[in-house]
Structures are given as structure tokens and as C-alpha cells.
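Below: one structure, written as C-alpha cells.
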Amino acid sequence: MRLFLNFVLLFLALPLFAQSNAGELHLKIIGPDGKPIKAAIDLASDAIQFQRSFSADDSGVSVVRNLPFGRYKPTVHEPDFAPYTGLIAIHCK
């Protein structure tokens, strides 16, 4: 019985050792003068039907966690500047 219980506990702990299928995106938004910008950011991926909106803080920094691996299109909006759209990929190291 004890051996069975040890096996069950080991089996339940295996997912803890698995690699994550998600990554992080770290952004720093700055203007042409090098000063940080508190901007709104939209992040989308058509491939995985993903859409999220967030904003940078007063220092222009934003971190998005638990993003599934894939390609994303970030769009940065700020009233005094033209919108910026790019393409990024989140993948494992």
C-alpha cells in the first residue's frame, strides 16, 4: 500500500517538472526624445484567437505574462503620436 501511495504522489507531481508553454512580453515605450510614454497597447494573435488590451505605467513599462507561444501583433496608441504596429514572436529560450 505504501509503495502504491508513493507512486501516486510521484505521478501527481510530474506536471510540476514540465516546461511551460507560455512566455512573457516586456515592453518599454519611449518617445523620440527618450522620455517614457504612458501608452495604451493592444496585443492580438489571429492564429490563436487572442486579444488583450493593457497600458504602460508612468515609466513606460509594461509586462504581459502567460502568453501562449506564437506570433503577436502589438499596436501602441498614444494621442500625441501616430500608432505603432509591429510583429513579435513569443517562444521558449
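Laboratory data are not the source of any read-out in this text; all were calculated from the coordinates shown. Predicted, not measured: the structure shown is a model, and the values here were computed from it. Here Cβ is always computed from backbone atoms with ideal geometry, including for glycine, and neighbour counts include all displayed protein chains.
Partner lysines whose Cα lies under 24 Å from the Cα of LYS93, excluding those fewer than 8 positions away in the same chain, are identified as LYS28, LYS73. Roughly how many nanometres apart are two label points built 7 Å out from the Cα toward the Cβ at ASN21 and GLN49? Simple spin-label model gives 1.6 nm for this pair.
Relative contact order for the range 19-90 using alpha-carbon pairs under 8 Å, separation at least 6, rounded to a whole percent? Intermediate results must be reported in sequence, preceding the final value.
Numbers: 149 pairs, mean separation 24.9, N = 72.
Dividing the mean separation by the residue count of the range 19-90 yields 35 percent.
With each label modelled as a point 7 angstrom along the Cα→C-beta vector, the ASN66-CYS92 pair spans 2.0 nm.
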